[in-house]
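Worksheet for the structure shown next.
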Amino acid sequence: MTVNSSNAPGVESLRHHTQSWASTQATWRFYHNEDVTFPMLSGPMLGLARSGVKESQSRYVLMAHDWCHINFAKHHSKLDKTKMSHALDVGYELQASLLVDANTGAPIAPAGLNLLTSNGIYQCRSQELQPKQSHLDSLFDSIHWQEQLDLDKPLVHVVDREADSAKDLRRLGSVHWLTRTKKGSTFRHEGQFKTAEIISRTISPYLKGVISLRGKEGYLFVGETTVELHRKSEKLASAAPTCRFVMSLVTDDEGKELARWYLLSNVLDVDATEIATWYCHRWNIESWFKLLKSDGHQLEKWQQTTAESILKRLITASVATTLIFKLYSDSSDEANEFKGFLVKLSGRLTKRTKPVTQPSLLAGLWVFLQMCEVLNTYTMDEINAMRQIASSFFAQSV
């Protein structure tokens with residue numbers, strides 16, 4: 001169910017004059033039903049994830065991980081909120097995992113949702129409230145669970161600088177990972193401890209081609225070397241494992257630097273360019289958060305009063321976004337025709353270079369569902385009669 005405007009808070013039901021209140025009540029009962037558990041709701045989401053991974057043509061599949069603050073500072077009925085970054089940043093913290101096609105960068109499906117509250121952590125894989133953990137402890141628990149999902153292809157877990165910890169990366173063992181490190185982080189390189197920035201100066205990057213970065217095109221330069229996962233401040237009893245250090249640079253037509261990343265990965269059998277491209281694909285989880293929060297489901301306006309109900313609804317919304325991902329990625333004539341139809345129904349303005357967007361598909365789908373509800377409720381003769389009545393009040397073109 002979509003979200004009403006701020007003047008009419010709460011969920012918005014389909015336009016049926018005899019069932020609107022009943023459907024809203026049914027939704028409330030559904031999210032408060034003790035028999036509706038997180039693992040049960042996650043079943044369809046994980047089913048879509050498995051089928052999406054199986055259909056992917058890529059050798060690996062990326063699992064992008066990130067955190068998102070859900071601000072409910074003005075929602076005084078939610079008593080299990082937690083303080084996040086500052087006094088006004090109050091609500092819940094979402095740790096999510098999104099499967100991404102390694103070849104195309106297209107999002108496939110969410111495969112993990114954790115919600116931090118003042119009382120503990122709710123997880124999509126368990127009904128029991130879990131004790132609070134650090135970001136990386138909670139993340140690594142999710143990674144080890146995801147490795148047991150028996151997906152059709154091997155996973156590469158992609159994390160931003162949150163995972164820039166040599167000690168914690170060593171804990172992952174043989175699990176495939178990719179992360180970004182800070183320029184001041186130290187590693188052992190050629191027998192000496194050096195910062196990532198100094199190591200990058202020993203690399204001669206090569207132009208690899210054009211890449212899309214946050215909706216803009218740039219030129220990608222890539223170079224690599226090998227480092228040991230050993231910080232200068234650490235004392236190791238045994239030799240530290242080695243990993244790849246990939247320096248990725250993106251510039252515009254005039255040579256201006258758009259982005260520079262220092263990447264670490266233990267995936268050895270792909271080109272360094274692919275490693276850099278994979279990290280660019282991580283941006284899709286940010287777009288997914290935007291679809292949940294401001295461009296689609298308006299997550300921060302949800303009226304459920306507990307984190308448990310919020311997570312149940314969030315899992316349901318994640319299934320809806322997954323279906324939108326599938327439609328958006330389909331390039332068949334039938335799918336393109338339907339996408340154009342939904343964009344027209346949405347009333348959204350889109351760029352000529354990108355006529356179809358995921359938020360416009362989601363908005364158009366909701367209008368289409370309401371149209372179907374109207375057609376199920378009224379005959380065509382009744383609808384035409386309504387048009388005649390409307391024309392007498394508004395305009396002849398109605």
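The values are calculated or read from the model by the stated rules, or taken from the named source; none is laboratory data. The shown structure was predicted, so the numbers you read here are calculated from the model rather than taken from an experiment. Note that we place each Cβ from the backbone using ideal geometry, even for glycine, and neighbour counts take in every protein chain shown. Note: areas computed on protein heavy atoms with side chains; ligands, DNA, RNA excluded. Shrake-Rupley method; radii C 1.70, N 1.55, O 1.52, S 1.80 Å.
Positive-end ranking of Y31, S309, P205 along the dipole of the chain, with charges on Cβ about the Cα centre, is headed by P205.
As a calculated quantity, the FRET efficiency between K256 and T353 at R0 = 22 Å, using C-beta atoms, amounts to about 0.50.
For the chain, the mean residue ellipticity at 222 nm estimated from helices alone is -11500 deg cm²/dmol, where every DSSP H run of n ≥ 4 contributes -39500 (n - 2.57) and the total is divided by all residues, rounded to the nearest 500. Take the Cβ atoms of Q148 and Y378, set R0 to 51 Å, and the FRET efficiency comes out at 0.50. Label-to-label distance for K54 and T226 is 3.9 nm, based on points extended 7 Å past Cα in the beta-carbon direction. Amide H contacts of F72 (H built 1.01 Å from N, in plane; Pro and chain starts excluded): V90, G91, Y92 sit under 5 Å, all sequence-distant by 5 or more or on other chains.
Once the Cα atoms are used to define both axes, helix 333-346 deviates from the longest principal axis of the chain by about 70 degrees.
What order do you get for 255-264, 326-335, 55-64, 96-105 when each peptide is scored by the mean count of other beta carbon atoms within 10 Å, highest first? Spell out each step's value before the answer.
On the way: 255-264: 16.3, 326-335: 12.7, 55-64: 19.5, 96-105: 22.7.
The peptides rank, most packed first, as 96-105, 55-64, 255-264, 326-335.
Residues whose amide H comes within less than 5 Å of that of K208, counting only those at least five positions distant or on another chain, are L220, F221, V222 (H built at 1.01 Å from N in the peptide plane). Rounded to the nearest Hz, the phi-derived 3J(HN,Hα) couplings of segment 120-134 under the Karplus curve 6.51 cos²θ - 1.76 cosθ + 1.60 (θ = phi - 60°) are x, 10, 8, 10, 5, 8, 9, 7, 7, 5, 9, x, 5, 9, 5, where x marks glycine and proline. Accessible surface computed residue by residue for the chain, with neighbouring protein chains in place and a 1.4 Å probe, gives 52 Å² per residue.
State the percentage of accessible surface on the chain attributable to carbon and sulfur atoms; use a 1.4 Å probe and exclude ligands, DNA and RNA. Before the final figure, lay out the partial values.
Numbers: 10700 of 20680 Å².
The computed percentage sits at 52.
The count of lysine pairs in segment 168-286 with alpha-carbon distances below 26 Å, taking only pairs 8 or more places apart or on different chains, stands at 17. The listed peptides 46-53, 266-273, ordered by packing as a protection proxy, come out as 46-53, 266-273 (highest mean of other Cβ atoms within 10 Å first). Here each label is just a point 7 Å from Cα along the line to Cβ, and for N119 and E190 those points are 5.7 nm apart. Computed over segment 260-355, the P(r) tail beyond 21 angstrom holds 55 percent of alpha carbon pairs.
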